[in-house]
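> One structure, pasted below without further comment.
The values are calculated or read from the model by the stated rules, or taken from the named source; none is laboratory data. Fair warning: this is a prediction, and the values are worked out from it, not measured in the lab. Ideal geometry is used to build each Cβ from the backbone, glycine not excepted, and the neighbour counts take in all protein chains shown.
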């Protein structure tokens, strides 16, 4: 059995690399985008707020799987313009759009929890809007939203397995291929173990971050 | 000298300030007293530029100015809020130096040196590295004062400086405000406590709710 494991492990690990790439780039892009979208949604400029509300509604109201399929198979077949993505780019595009919407909603809650007094305190000191957001609001919001963000981060690791639908070679797909080729469930058990390890690392990292932010109340 | 001429302000059709005029001399302490709902805080917020007035003029040293428009580097009015509005994620020192470095573009060193002096003057030196949640109410208030003074305002406004504190601290606050007077700053104090007002003020303004 150990021999079999060592035989399939390289392909599982290269699948893990794809999973981590989708995970990492989605997180790096959609966290800051989520902040911007939530600020835009609270904007006094109503058309912007409406457009972003519509965007969030669509992204949260339809399955991520459907969005992936639409981006990869649907966009190239639009009637007037054709947007063709590589598989990997299509996956990232769909994941970033989807996760930005969820993060935006989480951040909206976080921004709402910052009292008006903090904004006024900054205003009378002469700080402008972006200085206030950057130095006063976001650092406090991060602490507030960390537990909810943590949930989404762990979801994202597992959601990344959806990329199999557009033929991207991630961890789950690697396990699936080995499993049907060799007619054994062992690869899928290994896949489960690797996902567990990945989420365990994330859980630790999030715990560490929460501890880091517990320096004030 | 700060002059207000015919200031009028209403919220949703209810007039809060009606044609109010007043003058605060340099280095004086003006107390604004009156029951809740009389418009004291609205008046203070208008002077601080947090609320916009409907009509009337603000004149500082014979020059008209609009507190709500004052450009960032010309902040001439500091505010000590009723519940202080300190930044909870920053230390006392960072609370005081943030605006001078970001708005007045002071170097970190310069801002820290100034802040040290202010903290010493307000007996906060030993708390410089603490966070607001570790401080008592009176200490928080003094941090709020230090933070406002670090921007070198001409006028310092207080919203109900005694109400969030233990009653036994009332005299300490009065001494603090009278002590700051010696530094040459003009102070405007909104309070519902007439005894406190009498104790500290050179000028007293009583506001009453407007009868409909």
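> Give B:27, B:18 a once-over and let me know the one that is touching a residue at least 60 places away in the same chain (Cβ under 8 Å), touching a helix residue (DSSP H, G or I) at 6+ places or on another chain (Cβ under 7 Å) and surrounded by fewer than 18 Cβ atoms within 10 Å (Cβ to Cβ). So that I can check it myself, show each step before the final result.
On the way: B:18 fails: touching a helix residue (DSSP H, G or I) at 6+ places or on another chain (Cβ under 7 Å).
Of B:27, B:18, the one residue that is touching a residue at least 60 places away in the same chain (Cβ under 8 Å), touching a helix residue (DSSP H, G or I) at 6+ places or on another chain (Cβ under 7 Å) and surrounded by fewer than 18 Cβ atoms within 10 Å (Cβ to Cβ) is B:27.
> Moving on. Would you please name the residue that is farthest from the other protein chains (Cβ to nearest Cβ), looking only at residues in region B:122-151 that are free of Cβ contacts under 8 Å to residues at least 12 places away in the same chain and out of contact with any helix residue (DSSP H, G or I) (no Cβ under 6 Å at 6 or more places or on another chain)?
Within region B:122-151, the first condition is being free of Cβ contacts under 8 Å to residues at least 12 places away in the same chain, and the residues that meet it are B:125-126, B:134, B:136.
Filter again for out of contact with any helix residue (DSSP H, G or I) (no Cβ under 6 Å at 6 or more places or on another chain), leaving B:126, B:134, B:136.
On the way: B:126: 18, B:134: 9, B:136: 15 Å.
The extreme case among them is B:126.
> Of the conditions (1) free of Cβ contacts under 8 Å to residues at least 60 places away in the same chain; (2) within 17 Å of residue B:10 (Cα to Cα); (3) within 14 Å of another protein chain (Cβ to nearest Cβ), residue B:99 fails just one. Which one is it?
All conditions pass for residue B:99, except number (2).
> Moving on to the next point. Here is a list of conditions, (1) touching a residue at least 60 places away in the same chain (Cβ under 8 Å); (2) more than 30 Å from residue A:44 (Cα to Cα); (3) out of contact with any helix residue (DSSP H, G or I) (no Cβ under 6 Å at 6 or more places or on another chain); (4) within 14 Å of chain B (Cβ to nearest Cβ), and residue A:133 meets all of them except one; can you say which number that is?
(2)
> Give me the pairs, please: first residue somewhere in region A:206-217 and under 25 Å from residue B:92 (Cβ atoms) and within 11 Å of another protein chain (Cβ to nearest Cβ), second residue anywhere and surrounded by fewer than 13 Cβ atoms within 10 Å (Cβ to Cβ) and at pLDDT 90 or above, beta-carbon distance under 9 Å, and either six or more positions apart or on two chains.
Taking only residues 6 or more apart or on different chains, the pairs are A:216/B:133; A:217/B:133.
> Within the group B:55, B:46, which residue is more than 9 Å from chain A (Cβ to nearest Cβ) and either in contact (Cβ under 8 Å) with a residue 60 or more places away in the chain or crowded, with 20+ Cβ neighbours inside 10 Å (or both)? Give the steps one after another, and end with the answer.
Working: B:55 fails: either in contact (Cβ under 8 Å) with a residue 60 or more places away in the chain or crowded, with 20+ Cβ neighbours inside 10 Å (or both).
Going through B:55, B:46 in turn, just one is more than 9 Å from chain A (Cβ to nearest Cβ) and either in contact (Cβ under 8 Å) with a residue 60 or more places away in the chain or crowded, with 20+ Cβ neighbours inside 10 Å (or both): B:46.
> Can you tell me which of A:163, A:124, A:145, A:153 is more than 9 Å from chain B (Cβ to nearest Cβ), without any contact (Cβ under 8 Å) to a residue 60 or more places away in the chain, in contact with a helix residue (DSSP H, G or I) (Cβ under 7 Å, 6 or more places away or on another chain) and surrounded by 19 or more Cβ atoms within 10 Å (Cβ to Cβ)?
A:145 is the lone residue from the list that is more than 9 Å from chain B (Cβ to nearest Cβ), without any contact (Cβ under 8 Å) to a residue 60 or more places away in the chain, in contact with a helix residue (DSSP H, G or I) (Cβ under 7 Å, 6 or more places away or on another chain) and surrounded by 19 or more Cβ atoms within 10 Å (Cβ to Cβ).
> Same structure again: Using the structure shown, decide if residue A:169 is outside any helix (DSSP H, G or I) and either more than 14 Å from chain B (Cβ to nearest Cβ) or more than 20 Å from the chain's Cα centre (by Cα) (or both). Talk me through it step by step, then tell me what you get.
Details: outside any helix (DSSP H, G or I): yes; either more than 14 Å from chain B (Cβ to nearest Cβ) or more than 20 Å from the chain's Cα centre (by Cα) (or both): yes.
For residue A:169, the condition - outside any helix (DSSP H, G or I) and either more than 14 Å from chain B (Cβ to nearest Cβ) or more than 20 Å from the chain's Cα centre (by Cα) (or both) - is met.
> Ok, one more. Can you tell me which residue is surrounded by the fewest Cβ atoms within 10 Å (Cβ to Cβ) among those in region A:97-116 that are in a helix (DSSP H, G or I) and within 14 Å of chain B (Cβ to nearest Cβ)?
If we filter region A:97-116 for residues that are in a helix (DSSP H, G or I), which is where we start, we get A:97-112, A:116.
Filter once more, so that each one left must be within 14 Å of chain B (Cβ to nearest Cβ): A:110, A:116.
Numbers: A:110: 22, A:116: 9.
Filtering region A:97-116 for residues that are in a helix (DSSP H, G or I) and within 14 Å of chain B (Cβ to nearest Cβ), the one surrounded by the fewest Cβ atoms within 10 Å (Cβ to Cβ) comes out as A:116.
> Could you figure out which of (1) outside any loop (DSSP other than H, G, I, E, B); (2) in contact with a strand residue (DSSP E or B) (Cβ under 6 Å, 6 or more places away or on another chain); (3) facing chain A (nearest Cβ under 10 Å) isn't true of residue B:82?
(1)
> Sort out which residues of region A:117-166 are on the phi < 0 side of the Ramachandran plot and not in a helix (DSSP H, G or I), and write them in order of number. Give the steps one after another, and end with the answer.
If we filter region A:117-166 for residues that are on the phi < 0 side of the Ramachandran plot, which is where we start, we get A:117-125, A:127-166.
Once the filter is applied, which keeps residues that are on the phi < 0 side of the Ramachandran plot and not in a helix (DSSP H, G or I), region A:117-166 yields A:125, A:127, A:128.
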